[in-house]
Each structure stands twice: as structure tokens, then as C-alpha cells.
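S.K.: I'd like to ask you about the structure that follows.
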């Protein structure tokens, strides 16, 4: 079994029996920033709650995940929405430059893929990104620090984009309140810039 097959088997087991659930609050709370038309990508989509929100707002949406189980689940919930779910190893096959008006990434981190994600935005395109941080108040998320962001790292990974929203509460203050264990970024490719 090669690495891709091993990863697919791992995620197929994780997603078996799950339903799409709720989209990221980052995406649903800030959905007013979304364009009314265009092409969207839910990268490493899992069972696709974010893809369903994007497609539900009229965006022509692609949803990619290494798990065939996740893709099948999402396809079963998509109905007549403008959504195409595809099993795809996003690390081996990143998005092409200047192809999406919106990209959403939730709870996935491959630092080497970040330049391709930024380049895949069209001028004016928006990136919604939320994933786990090393500063945390509990064991939610991956155990390996390899898959967790350092403080402010998300800003550095997408430094070429214009920040529209950023939040990383860390472990400051009353850790029973606020948004803990994750960093959130909404960033935009400037209209006059090439990928």
C-alpha cells in the first residue's frame, strides 16, 4: 500500500457514517463577504459542509478530498446544488493558478501547498482558512505539532494576500471563553496582482 492509499484508507475510516454537519462559523458568519457568482473550492473538504454552504449561495463549487467515503457522502447531500465533489489528493494535484474566486480550507495544513492555494485565487478572490494551532487549551485536533500552526504562522504563510480578517486567541485571558485551539484567516488576492 503506497502513501496515498494509506492516507485514503485512514480518512475513509474516519468519515464512514458521518454526515456533513455544520460549516465553519468563520465561513457562515462572514458569508456576506462572498461574491454572488463565481467558482469556489472546498479543499480537503471532508464531508463537505463548507462546500454545501458555498454552492447554496450560488457559487459553482468544487469539493476535493482524498477520501472516497467523504466524497460519496457529500455527493449524496448535494442534490441539485452547483457542486461537483471529487476524490483528489490535493497535495499531489494542487489547484491550478487563477481558477477560483473563493477557496475554503478547514482543519487541514500542508505548508508546502500554501503558495499553490494563494496562486489559485483569481484577482479579488477570497481565501477562508481555519486550522489548529500549537497554542491550545485542550487536545482538540491533531496530536502532531507538524499539523498545527505556530503563533501568527497563518499570516506568514499567506503574506502575499491582503488580510480581511484574522483571529487567533491563543491562551490569553480567560481560556474558557473565546475561540481557542485554532487560527482563522480571510485574505484576498489584490485585483491587480498576478498569481
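We did not get these values from a lab; they are worked out from the coordinates using the rules stated. It should be emphasised that the depicted structure is a prediction, and the values quoted were computed from it without experimental measurement. Heads up, the Cβs are rebuilt from the backbone with ideal geometry, glycines too, and the neighbour counts pull from every protein chain shown.
S.K.: So for the stretch 3-188, averaging the separation of alpha carbon pairs under 8 Å that are six or more residues apart and normalising by length, what relative contact order in percent results?
M.R.: 17 percent
S.K.: What nm distance separates the two modelled labels at residue 134 and residue 164, each placed 7 Å from Cα along Cα→Cβ?
M.R.: Modelled inter-label distance: 3.0 nm.
S.K.: For a footprinting-style exposure proxy, rank 104, 45 by other Cβ within 10 Å, fewest first.
M.R.: If I rank by nearby Cβ atoms, fewest first, I get 104, 45.
S.K.: To continue, here is another question. Would you calculate, for the chain, the mean residue ellipticity at 222 nm contributed by helices, counting each DSSP H stretch of 4 or more residues as -39,500 (n - 2.57) and dividing by all residues, to the nearest 500?
M.R.: Computed ellipticity for the chain at 222 nm equals -6500 deg cm²/dmol.
S.K.: Where both partners of a DSSP beta bridge lie in the chain, what percent of those bridges are antiparallel, to the nearest 5?
M.R.: Just about 35 percent of them are antiparallel.
S.K.: Where does each of 72, 153 land when they are ranked from fewest to most other beta-carbon atoms within 10 angstrom?
M.R.: Values: 72 15, 153 18.
Least to most surrounded, the residues fall as 72, 153.
S.K.: If you don't mind, another one. Report which label in [x] 52, 50, 27; [y] 73, 34, 28; [z] 45, 43, 30 holds the value of Cα extents along the principal axes in Å derived from the coordinates of this structure.
M.R.: The listed entry that was calculated here is [z].
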